[in-house]
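S.K.: Please find one structure pasted underneath; my questions will follow.
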Amino acid sequence: MASLREIPTEADFASTITSLPPATVAVIYFHAPWAAPCKQMSTVLSTLASTYPSSAPLAFLSLNAEELPEISEQYDVTAVPYIVLQKDGSVLETVSGSDAAKVRAAVEKYAGAGSAGEASNLGLPPAQSVTKPAAPTTHLETGATNGTNGTKNLASYAPSNNDPKTAPEYSSGAKETKEELFARLAELVKAAPVMLFMKGTPSAPQCGFSRQTSSLLREKGVRYGFFNILADDDVRQGLKEYADWPTFPQLWVGGELVGGLDIVKEEFENDPDFLAEYTVSKQRNTGGPAAPQAQAQTA
């Protein structure tokens, strides 16, 4: 019988995907160990996989969304559980949430049905084609849920009224040319001496790496500006090319890219005075985003 296979590294994922025959449907399951809905979905997918013979043109792959951020970014994963059905390098369908019937229907749509009797005996719900509200999805590293039917409402990621806004004049809802976007990005990365491009906001980070980076800057007493890349998809996609850096968060200092969480950690470990010139008063002993009126001008 087929089984749900855990993919531990990016190299394993690349080799697994490239080795699949063109006719094989890959069921790529993104999860996070702390998210309760993922525990249910892991059971559902393991059970569903067991209804197919090992010779079936079907591969069930399980990936920790936070341990493999570049792959998560590649598939635009912003909530878990998240399932991608892919064949010969092309995405067939995605399912967001823990609706077992919906997941089963999607798999059977492209891979055919497994053993119907066995599926029933194992407790799988019948496949459903009727549209119904999706089960809640869990946003990465927040534990917050929403009830959207797999639709990523970017407005929900916008900073709250309590969050300072970073360089609002550099945000644009209008369609831009690549030259215009890069010109905006060139200004945006210098909007504050230390700029953090993150998923979510410091008070409500939407991924573990963004949370850890903002916490580290706060712990070190660094004053910084931030930009919520989930609220502006042009910035999110454009900055990858502009910086030649495919993942987030990204930390910029003086308009120059430092890197992501791992590099920021290494910089602090190797140089105790890293970003020392941008720390707030020792007496205040607090770091974090600059005040709304000062973020684009001061550290």
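S.K.: Residue farthest toward the positive end of the dipole of the range 5-111, with Cβ of Lys/Arg at +1 and Asp/Glu at -1: which of Y52, N64, V91?
M.R.: About the Cα centre, the residue reaching furthest to the positive side is Y52.
S.K.: I need the Debye-formula profile for the range 178-278: one equal scatterer per C-alpha, no solvent, reported as log10 I(q)/I(0) at q = 0.20, 0.22 1/Å, two decimals.
M.R.: The Cα Debye sum returns log10 ratios of -0.97, -1.18.
S.K.: Summarise the accessible area of the range 178-278 (1.4 Å probe, protein heavy atoms) by the percent that is carbon and sulfur.
M.R.: Ligands and nucleic acids excluded, carbon and sulfur reach 44 percent.
S.K.: Hey, any idea what % of the range 5-111's accessible area is carbon plus sulfur with a 1.4 Å probe?
M.R.: 53 percent
S.K.: Using a probe radius of 1.4 Å on heavy atoms only, what accessible surface per residue do you get for the range 178-278? Whole Å² is fine.
M.R.: Ligands and nucleic acids excluded, the figure is 41 Å² per residue.
S.K.: Here's another thing I want to ask about it. Given a 1.4 Å probe, how much area per residue of the range 5-111 is accessible, in Å²?
M.R.: 38 Å²
S.K.: With the Cα gyration tensor of the range 1-59 giving a ≥ b ≥ c as the square roots of its eigenvalues, does the rule (a/c under 1.5 for rounded; else a/b larger than b/c for prolate; else oblate) give rounded, prolate or oblate?
M.R.: oblate
S.K.: Could you give the dipole magnitude of the range 178-278 about its Cα centre, charging the beta-carbon of Lys and Arg +1 and that of Asp and Glu -1, in debye to the nearest 20?
M.R.: Rounded to the nearest 20 debye, it is 420 debye.
S.K.: Turning to a different aspect of this structure: When the label point is put 7 Å from the Cα of E10 along its Cα-to-beta-carbon vector, which residues of the range 249-269 have a backbone N closer than 16 Å?
M.R.: The answer is 249-251, 259-264.
S.K.: Order these peptides, 47-58, 91-102, by their mean beta-carbon neighbour count within 10 angstrom, highest first.
M.R.: Going by the mean number of other Cβ atoms within 10 Å, highest first, we get 91-102, 47-58.
S.K.: Given the pairs K39/K265; K175/K199; K87/K265; K190/K240; K87/K175; K190/K265, which are separated by over 27 angstrom at their Cα positions?
M.R.: The answer is K39/K265; K87/K265; K87/K175.
The values are calculated or read from the model by the stated rules, or taken from the named source; none is laboratory data. Note that the structure is a prediction, hence the values are computed from the model and not measured. Ideal geometry is used to build each Cβ from the backbone, glycine not excepted, and the neighbour counts take in all protein chains shown. Ligands, DNA and RNA are stripped out before the accessible areas are found, and what is left, the full protein with its side chains, is counted by its heavy atoms. Shrake-Rupley method; radii C 1.70, N 1.55, O 1.52, S 1.80 Å.
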